[in-house]
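The values are calculated or read from the model by the stated rules, or taken from the named source; none is laboratory data. A quick note: this is a predicted structure, and the numbers were derived from the prediction, not measured. Cβ atoms come from the backbone with ideal geometry, glycine included; neighbour counts cover every protein chain shown. For accessibility, only protein heavy atoms count, side chains too; no ligands or nucleic acids. Shrake-Rupley method; radii C 1.70, N 1.55, O 1.52, S 1.80 Å.
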Amino acid sequence: MITQDTHLKKTNLLLIEDSLADATLFLNLFRESGFLGNLNIISDSVEALDFLTGQKDPLAENTLPDLIFL
């Protein structure tokens, strides 16, 4: 069931991409699309696991992504 709060929540995306060129292309496409959510870009699997488990910065309020792009 979709609630009204769902429409107000910003979408959190995570891109795990080791190619700077591909990550830049992805970022540019989202900017051009008018995407208003949060996009985190991470370059490797170790960093991604740290981010997802909160180990990268335990004091940060990392929100789990709604969608992960590999």
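Descriptive notes on the structure:
- Hz values of 3J(HN,Hα) by residue in region 44-49 - Karplus curve (6.51, -1.76, 1.60), Gly and Pro given as x: 8, 5, 5, 5, 5, 5
- Applied to region 10-23, the Karplus parametrisation 6.51 cos²θ - 1.76 cosθ + 1.60 on θ = phi - 60° returns per-residue 3J(HN,Hα) values of 6, 7, 9, 10, 10, 10, 10, 8, 8, 8, 4, 5, 5, 5 Hz, with x for Gly and Pro.
- Counted charge near Gly37, where neighbours are those whose Cβ lies closer than 11 Å (Asp, Glu -1; Lys, Arg +1): +1
- Other-chain or far-sequence residues with amide H under 5 Å of Ile41's (modelled H): Leu15
- Projected label distance in nm at Glu32 and Thr63, using a 7 Å step from Cα toward the beta-carbon: 2.7
- Taking all protein chains together and a 1.4 Å probe, the residues Ile42, Ile68 rank Ile68, Ile42 from largest to smallest accessible area.
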